[in-house]
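Taking it in order: structure first as structure tokens, then the write-up.
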Amino acid sequence: MSEKAQADSHTGSDQTELYPIGAVAELTGVNPITLRAWERRHRIIEPLRTASGHRLYSRDDIDLILRVVSLLERGMRIGQVRGELESTIRRSADAPDADNDRWALHRSRMTAAIIRFDETALEASYNAALALYSVDTVTRELLTPLLVDLGERWRTGTGSVAEEHFFCFYLRNKLGARFHHRSGENRGPSLLMACLPNEQHENGLLLLSLALHERGYRLILLGSNMPLEEIPAAARQAGCVAVVLSGSMDPDSEVLALRLPRVVARTDVPVIIGGAASIRCRDAIQSAGAEPVGNDIEQGIGRIESILAAPTKDQTGPSGAPGLAQ
């Protein structure tokens, strides 16, 4: 009988599935020697045992291992981990809602998959979250914080550019597929969506676009590193009620001082800028005549809808009542 079969037999029909140590090592990226050390030396985890002595790990055990991995990545020493886990358990018992811990586990699973460049595990974790929560909730509580975490890993040297590119490519394909299969459903106002010049990171734009799409907007997606000079004509030809630009990196001074004001003057609808750049360069963006909306997707959408509800600067521009489609 295989270890997997032993696991199934050991659990019984009313028990959750158990995994042998080799499978757990593949799922978490933690090698079996380390897993045994965490059990024997640090008493962090206590797997079950078969009659022949083989270790068996539950899904909860795997989640715990991923939490340990996350703590170690943040710089905590292994000797401190058990105390932190016990403290977290006490806080969770006192808290009326454990949603924060659940999202931390989802992020830990996806981070572990990204570190291993394991697209299968990444897909499983993402789909598991979508099976329990709405697209908006998954975007707000999982994908957006995960992008921030990956950026922080890269900045602090604990992660790599390869990790970020791996996840960005995966996310671009997932979100692109959603837009492709649902492109004909919406009948709301059209928004032109693009990245600022020299901005190569599309994920913030895609996440915002997905949230806007869920609210009924029609979207014209132009992607990364968009030349500003082509924006006014594209917006008019597509009949857009607003232009939404995204940037994680600060634009060049020439873009903010010269090119952006010219584009705003030539565009008949509001020019809105989101992303981290809209926070750091808020004053320059407002001086150019554009509207900064920040980096929070939910708040940003609320700000976008407030802008669209106000009278446009050119009442002869695109017709139709701006705002959320009914």
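In this structure, does residue 206 turn out to be modelled with pLDDT under 85 and crowded, with 22+ Cβ neighbours inside 10 Å? Answer is yes for this residue.
On the stretch given as region 210-221, residues that are surrounded by 17 or more Cβ atoms within 10 Å (Cβ to Cβ) and either closer than 17 Å to residue 277 by Cβ or out of contact with any helix residue (DSSP H, G or I) (no Cβ under 8 Å at 6 or more places or on another chain) (or both) total 2.
Condition check ((1) outside the structural domain of residue 153 (by TED's automatic domain parsing); (2) closer than 25 Å to residue 122 by Cα; (3) modelled with pLDDT of 80 or more; (4) exposed (fewer than 12 other Cβ atoms within 10 Å of the Cβ)) across all residues:
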residue	(1), (2), (3), (4)
21	no, yes, yes, no
49	no, no, yes, yes
90	no, no, no, yes
93	no, no, no, yes
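In region 116-141, the residues that are touching a residue at least 60 places away in the same chain (Cβ under 8 Å) form no Cβ pair under 8 Å with any partner that is among the hydroxyl-bearing types (Ser, Thr, Tyr), whether six or more places apart or across chains. Pairs meeting the criteria (first residue in region 56-82 and in the same structural domain as residue 46 (by TED's automatic domain parsing) and modelled with pLDDT under 80, second residue among the basic types (Lys, Arg) and surrounded by 20 or more Cβ atoms within 10 Å (Cβ to Cβ), beta carbons under 6 Å, at least 6 apart or on different chains) are 66/109.
Among the helices (runs of 4 or more DSSP H) confined wholly to region 142-255, which include 1 or more residues that are at negative phi, under 22 Å from the mean Cα position of the chain (by Cα) and among the aliphatic types (A, V, I, L, M)?
Numbers: elements: 144-156, 161-182, 203-214, 231-238.
Ranges flagged: 144-156, 161-182, 203-214.
Taking region 23-47 only, how many residues are within 18 Å of residue 110 (Cβ to Cβ), touching a strand residue (DSSP E or B) at 6+ places or on another chain (Cβ under 9 Å) and modelled with pLDDT of 85 or more? The number of residues fulfilling the criteria is 1.
The values are calculated or read from the model by the stated rules, or taken from the named source; none is laboratory data. Since the structure is predicted, the reported quantities are computational estimates derived from the model, not experimental observations. Positions of Cβ are backbone-derived with ideal geometry, glycine not excepted, and every protein chain shown enters the neighbour counts.
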